[in-house]
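What follows is one structure encoded as structure tokens, with my remarks underneath.
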Amino acid sequence: MRVRLNPPADTLSRDGEAILLYPGEAVRLAGISAEIVRLAVEPVTMEHLAHCLEARFGAPEHTSLIEALTAVIDALVSRRVLTLDPETT
């Protein structure tokens, strides 16, 4: 599965935060969410995201990295910030 950003009409990124403008909505992201969006401008695998996020933020203390990442990605998908695409070979 690959994750990709649904392109916003405009983006403002500064100091580890991002504001994405979509029709009728502005989405403010910080920390891990903002980094996921930055990495998902081009389609990216969950494994690559996990590797990059662990290198930058470290591993979560009370859950697995994939479980934590999946929860954040699911939230961003529900807000239509990200889309999940099947991997193609």
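The values are calculated or read from the model by the stated rules, or taken from the named source; none is laboratory data. On a predicted model such as this, the values are computed, not experimentally measured, just so you know. Note: ideal-geometry Cβ built from the backbone for every residue, glycine included; neighbour counts use all protein chains shown. These accessible areas exclude ligands, DNA and RNA; they are computed on the full protein's heavy atoms, side chains included. Shrake-Rupley method; radii C 1.70, N 1.55, O 1.52, S 1.80 Å.
Extension gain A30-R56, at 0.36 nm per residue separation less the Cα-Cα distance, in nm?
Numbers: separation 26, 0.36 × 26 = 9.36 nm, distance 1.38 nm.
Result for the pair: 8.0 nm of gain on full extension.
Within region 37-79, report the GluC sites (Glu not before Pro) that DSSP leaves as loop and that have at most 16 other Cβ atoms within 10 Å. Don't skip to the answer; put the middle values down first.
On the way: sites: E47, E54, E61, E67; in loops: E61.
Taking region 37-79 and a limit of 16 other Cβ atoms within 10 Å, the loop GluC sites (Glu not before Pro) found are E61.
Can you give the calculated 222 nm mean residue ellipticity of the chain, where each DSSP H run of n ≥ 4 adds -39,500 (n - 2.57) and the sum is split over every residue, rounded to the nearest 500 deg cm²/dmol?
Values: 3 runs with 35 residues, N = 89.
Rounded to the nearest 500, the figure is -12000 deg cm²/dmol.
Quick one: length gained pulling L21 to I66 fully straight, 0.36 nm per residue minus the C-alpha distance?
13.4 nm
Using a Gaussian network for the chain with springs between C-alpha atoms less than 10 Å apart, which of these wobbles most: L20, L12, L69?
Most flexible of the set in this elastic network: L12.
Out of (i) 1.14; (ii) 1.05; (iii) 1.47, which label holds the value of Cα Rg over 2.2 N^0.38 Å that was computed here?
The value computed from this structure is option (ii).
Can you send over the carbon and sulfur percentage of the accessible area for the chain, probe radius 1.4 Å, protein chains only?
Values: 3110 of 5770 Å².
The C+S portion of the solvent-accessible surface of the chain is 54 percent.
Helix hunt in the chain: which complete DSSP H runs extend at least 18 Å axially by C-alpha with mean Kyte-Doolittle at least 0.5?
Details: long enough: 65-78 (20 Å, 1.84).
Result, helices passing both filters: 65-78.
Which one, S13, S64, S33, has the greatest fluctuation when you compute a Gaussian network model over the chain with C-alpha springs under 10 angstrom?
S64
Between L39 and R79, what length in nm is gained on full extension when 0.36 nm per residue of separation is reduced by their alpha carbon distance? Don't jump to the answer; show the numbers that get you there.
Values: separation 40, 0.36 × 40 = 14.40 nm, distance 1.74 nm.
Here the answer is 12.7 nm.
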